[in-house]
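What follows is a set of notes on a single structure, which appears directly below.
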Amino acid sequence: MPFVQVKGRTVPCQGILFDKDGTLLHFMALWGGWADYVLEFMEERLELMGSGFTLPKEKVLGTKHDAGGRVSGYDLRGPLAMGTVEETNGLLAWQLYAAGMPWNEAIVQVHQITKNAMYEVRQRKPAFPMPGLEHFLEKCSLVSVKMAVVTSDQTSGAVEQLEWMGLRSYFTVIMGRDQVRNGKPHPEMTEAACRRLGIKPEEAVVIGDSNADMQMAKQAGAALAVGLMTDEGEPAHLTDADVVISDYNELDVHR
């Protein structure tokens, strides 16, 4: 029986479920440039319509900006960090609709803008593993801990980004928002991933960087909810975590 050890706690563990953005890979390296591109092109469209955002720019997706207006950070409780693709597109389309564009056209415009932004991201492949992650995944593999990814992103995007980092082979299951009826913090994603791994939720550890991940784990009855604190956050935002860590070097796994 494998065990996960963290900050003096030792928990039996047959599987580990990982969030993706901010948990497996650096969030800003991947999504900061994407958000810059999207917000810039949204502003251009709105200006052509003689309008602008209906609220401060940083509130549209939950971003933070430097003196030059570039995205420099994000709100861990905001839509960029926690929203699904559909939710994000809806927020952006609302801005165009509020400026006078028909809703159906606004949706088409936003889909094109976000598609172009992702094309720019793919040219650079800016996906970088979190500190200590690769060593931890290798240790999990050596003691036969089953591993899955549970993300609010689309499954295809998650697979692609894991391949960029050379980490795809570690995960038996990769589950995006498109594979479930209910997204985080609903427990469905945890329950579905565990079924596909052939384990029970109470035999799984969930690791994530948002409180929605922690709530998902708790509602599913997971053995342990581990909150990963990023540079953007502080322990207070992970209120439902059983334990909070700064990086994967604080985790160990053994038999």
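The values are calculated or read from the model by the stated rules, or taken from the named source; none is laboratory data. Keep in mind it's a predicted model, so treat the numbers as computed, not measured. Reconstructed Cβ throughout: ideal geometry from the backbone, glycine too, with neighbour counts over all protein chains shown. Surface accessibility is based on the protein's heavy atoms, side chains included, excluding ligands, DNA and RNA. Shrake-Rupley method; radii C 1.70, N 1.55, O 1.52, S 1.80 Å.
At-a-glance table
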| item | result |
| --- | --- |
| Net lengthening on full extension, residue 165/residue 123 (0.36 nm per residue, minus Cα-Cα) | 13.7 nm |
| Separation in nanometres of the label points that stand 7 Å from Cα toward Cβ, at residue 67 and residue 178 | 4.3 nm |
| Karplus 3J(HN,Hα) series, Hz, for region 36-46 with 6.51 cos²θ - 1.76 cosθ + 1.60 (x for Gly, Pro) | 4, 4, 4, 5, 5, 6, 4, 4, 4, 4, 5 |
| Residue with peak Gaussian network fluctuation, the chain [Cα springs, cutoff 10 Å], from 21, 242, 66 | 66 |
| Rounded FRET efficiency, nearest 0.05, which uses the C-beta distance separating residue 255 from residue 87 and R0 of 35 Å | 0.30 |
| ³J(HN,Hα), Karplus 6.51/-1.76/1.60, whole Hz, each residue of region 175-190, x for Gly, Pro | 10, x, 4, 5, 9, 10, 6, 10, x, 4, x, 4, x, 4, 5, 5 |
| Whole-percent carbon and sulfur share, accessible surface of the chain, 1.4 Å | 48 percent |
| Value at 222 nm in deg cm²/dmol, rounded to 500, when DSSP H runs of n ≥ 4 in the chain each add -39,500 (n - 2.57) | -13000 deg cm²/dmol |
| Heavy-atom surface of region 157-255, accessible at 1.4 Å and reported per residue (Å²) | 41 Å² |
| In Å², nearest 10: area of residue 168 left accessible to a 1.4 Å probe | 80 Å² |
| Options [x] -0.32, -0.40, -0.49, -1.14; [y] -0.37, -0.45, -0.55, -1.13; [z] -0.36, -0.44, -0.53, -1.25 - which one matches log10 I(q)/I(0) by the Debye sum over Cα atoms at q = 0.08, 0.09, 0.10, 0.16 Å⁻¹ as calculated here | [x] |
| Note, ³J(HN,Hα) from phi for region 67-81, Karplus 6.51, -1.76, 1.60, rounded to Hz, x at Gly and Pro | 4, x, x, 7, 5, 10, x, 8, 8, 4, 9, x, x, 4, 7 |
| Of 64/139; 146/184; 57/218, those spanning more than 25 Å from alpha-carbon to alpha-carbon | 64/139; 57/218 |
| Among 244, 121, 143, residue whose mean-square fluctuation peaks in a GNM of the chain (springs only between Cα atoms under 10 Å) | 143 |
| Relative contact order (%) - criterion: Cα under 8 Å, at least six apart; region: region 51-146 | 16 percent |
| Gaussian network model of the chain, springs between alpha carbon atoms under 10 Å - residue of 27, 41, 18 with greatest fluctuation | 41 |
| Hydrodynamic radius by Kirkwood, which averages 1/r over all alpha carbon pairs of region 81-186, in angstrom | 16.0 Å |
| Where N is the number of residues in region 54-121, Cα Rg divided by 2.2 N^0.38 Å | 1.14 |
| Region 5-111 pair-distance distribution - Cα-Cα, 5 Å bins, rounded % | 2, 11, 19, 21, 15, 10, 7, 5, 4, 3, 2, 1 |
| Residues whose placed amide H lies under 5 Å from that of residue 63, excluding near-sequence neighbours | 75 |
